[in-house]
């Protein structure tokens, strides 16, 4: 009896599982290997937080690593542990390759699973590792659905718990009688860079063929395989990356291949264009390098519009002289082959340069408006910035402004009394500076002590002045008259015939060149003095001569005349310039003698003054 107890105690905890790894969800099955009899309690804890249980299986529904603990009562050791890994599965990746005739191939490039089950779709299956090409001979040609299932436990079948829920991928295999070459119909530079350059291919592929992308840089003798084409992801186009497209051109082939017998058929050779543009004085030089076996023509685009077509395959340069200094142009070269293939360069930008000195400005129109001078001039096509200089009353010229428009307003000036001169130079977009322009000086209109008007000659037009016109306005700004003056530069108002005491004058200069229009001087306001002349005697004898005491006047709008006798008595009064004294006092002839006149007068400007004196009445 003692001996049997010792044997029982010698039994230790021990168990095994159907697999230590499985695809989610994974059902683990445990097998007790402790050897204890059925009366001994054997419990399992399948994960942290779960209670002990005697059930010998458990399903994990989340990926992770789990610890199974077996606990055996009265055993030594009392516990045993196994770790379980549950994988979050995903569909395996593989490529299908067709071989000529009845052979199909699978290339598995997946790394998750330990092994893969290939179902060839014709009732045949096999297990493959994750590397290498696996081929299969079909009994007859046709179309087959090939399924590849991942086996997380390569030692077990796909039906075992470990692999039961692992994903599979199915692709259709169409067997072909022969491989067919691809057709590249366009190659275009996507990015120009010494390291990260890109080339985009556009092509037509035959169905169910296998294709390689091969490339060689300029001056290389042979092609290098860079990739196989995934016809699902890249059915019509493919981008080659990490190239030195800044310095090299490349030739590319898409090659159909048979992975079974190594047979290959190359597409047309498509070569890129390495395009460079060099800016030179008043021209852009366009150079390119490429290669072609079936040349048709070159077409250069400029700003998206065809510039020229060239039919000489050996031509590798074009000079564009239709450029403007400082303007940016975008060039692109198309090379077309007789087979329809087109190679397109990257777009290259070039900003035109010039060292030519631009010509001076020949015409400036300068008009006086109030206390400022407004200038304008025809803008040269190449002008980018103008430099305005001014001379005041014969002093040296000094820069007063820089601007980007062909006009300038010079403000806060003494335009009524000071002569101003201006010159303008400009910078073109390339920084070349023009000579100074013709000197422009607006008309200065002045009045002299004798009320005569004179004005300076207008300067600023290369074609000169055709004529001057003197314009007159009243004190309300209403136009009065326009007087052609020809080349004359002075004017004297005829006071005897001029009815206006206040006149605003302006001189307008008309250019010989109609495109220049006209310019206007400063406004000059002139007030002419009013005048009153009283006779010193009159003889009211009815002979029609000097019978009435009246005064002669100019620019008088109101008056009040009083006549006094020698004792200071008011004997006559009149408020009308046309109503004078007839030499009577209350209807009776006044005696001969000296009388006093006193007249209050108001001129057209509203100025009031008094004139007085003696007048001799003669009988």
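Brief remarks on what is shown
- Peptides 205-213, 221-229 ordered by average Cβ neighbours within 10 Å, highest first: 205-213, 221-229
- By average C-beta atoms within 10 angstrom, highest first, the peptides 347-358, 532-543: 347-358, 532-543
- What the Cα convex hull of the chain gives, in volume per residue, is 404 Å³.
- Scaled radius of gyration (Cα, divided by 2.2 N^0.38 Å) that the stretch 147-222 gives: 1.84
- Overall dimensions of the stretch 274-351 by Cα: Rg and Dmax, Å: 12.5, 40
- Fewest-first ranking of 14, 451, using other Cβ atoms within 10 Å as the exposure measure: 451, 14
- Label point of residue 475 set 7 angstrom out along Cα-Cβ; within the stretch 496-527, amide nitrogens under 20 Å from it belong to 496-506, 523-527.
- Order of 126, 569 - criterion: other Cβ atoms within 10 Å of each residue's Cβ, fewest first: 569, 126
- Alpha-carbon centroid distance for the pair the stretch 285-356 / the stretch 413-462, whole angstrom: 50 Å
- For the stretch 94-174, the Kirkwood estimate of the hydrodynamic radius, built from every pair of different alpha carbons, is 12.8 Å.
- Three semi-axes of the equivalent ellipsoid, the stretch 531-617, Cα gyration tensor, whole Å, largest first: 22, 14, 11
- Taking the number of Cβ atoms within 10 Å of each Cβ as an exposure proxy, the fewest-first ranking of 554, 492 is 492, 554.
- For the chain, adding -39500 (n - 2.57) for each run of n ≥ 4 DSSP H residues and dividing by the number of residues yields -500 deg cm²/dmol at 222 nm.
- Alpha-carbon centroid distance for the pair the stretch 234-259 / the stretch 114-147, whole angstrom: 30 Å
- Multiplying each eigenvalue of the alpha-carbon gyration tensor of the stretch 2-87 by 5 and taking the square root yields semi-axes of 28, 11, 10 Å, largest first, rounded to whole angstroms.
- The stretch 183-271, Rg to Rh (Cα coordinates; Rh as Kirkwood inverse mean 1/r): 0.96
- Radius, Kirkwood style, for the stretch 416-508 when every pair of distinct Cα atoms is counted (Å): 15.7 Å
- Packing rank of 379-391, 70-82, where each peptide gets the mean count of other beta carbons within 10 Å, highest leading: 379-391, 70-82
- Under the simplified labelling scheme, the residue 53-residue 411 pair shows an inter-label distance of 9.1 nm, with each label point 7 Å from Cα along Cα→Cβ.
FYI, it's all coordinate maths here, none of it is from the lab. Please read these numbers as outputs of a predicted model, since none were measured by experiment. Cβ: placed from backbone, ideal geometry, glycine included. Neighbour counts: every protein chain shown.
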